[in-house]
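For reference, the structure discussed in these notes is given below.
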């Protein structure tokens with residue numbers, strides 16, 4: 001049997017690596033490492049709790065270069081404040097902060113933005 005330990009990282013391809021690094025750092029994330037050169041530079045960013053977002057640059061405009069995940073949900077102590085910080089850092093509004101009840105018995109506060117490459121970012125707090 002294979003043991004499961006959770007995930008190491010989620011990967012995202014972007015058009016402008018420097019803009020994405022600046023955006024995620026403005027949200028309080030920490031740049032862990034950068035490698036490669038030119039339009040083949042890549043990085044890993046700790047989004048909190050040693051949860052890694054790996055960002056790949058280059059090959060923009062091909063079907064393979066489009067963001068591949070539906071959204072990334074970041075744990076948040078204050079989705080309203082994180083939503084405002086994301087907008088101030090250049091994100092675009094998707095869904096304003098709101099309370100929700102997932103499945104009828106899981107109350108949460110959530111908000112969504114579009115990041116620099118139209119990736120969807122959710123700020124998620126269990127209530």
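Assorted remarks:
- Residues that are within 21 Å of residue 54 (Cβ to Cβ), without any contact (Cβ under 8 Å) to a residue 60 or more places away in the chain and not in a strand (DSSP E or B), drawn from the range 101-127: 118
- The set of residues in the range 68-88 that are surrounded by 17 or more Cβ atoms within 10 Å (Cβ to Cβ) and assigned to a loop (DSSP other than H, G, I, E, B) contains only 76.
- Residue 98 being within 12 Å of the chain's Cα centre (by Cα) and at pLDDT 95 or above: no
- Residues that are over 14 Å from residue 57 (Cα atoms), touching a helix residue (DSSP H, G or I) at 6+ places or on another chain (Cβ under 7 Å) and either modelled with pLDDT under 95 or in a loop (DSSP other than H, G, I, E, B) (or both), drawn from the range 1-34: 27
The values are calculated or read from the model by the stated rules, or taken from the named source; none is laboratory data. No experiment lies behind these values; they were computed from the predicted model shown. Every residue, glycine among them, receives a Cβ derived from its backbone with ideal geometry; neighbour counts consider all protein chains shown.
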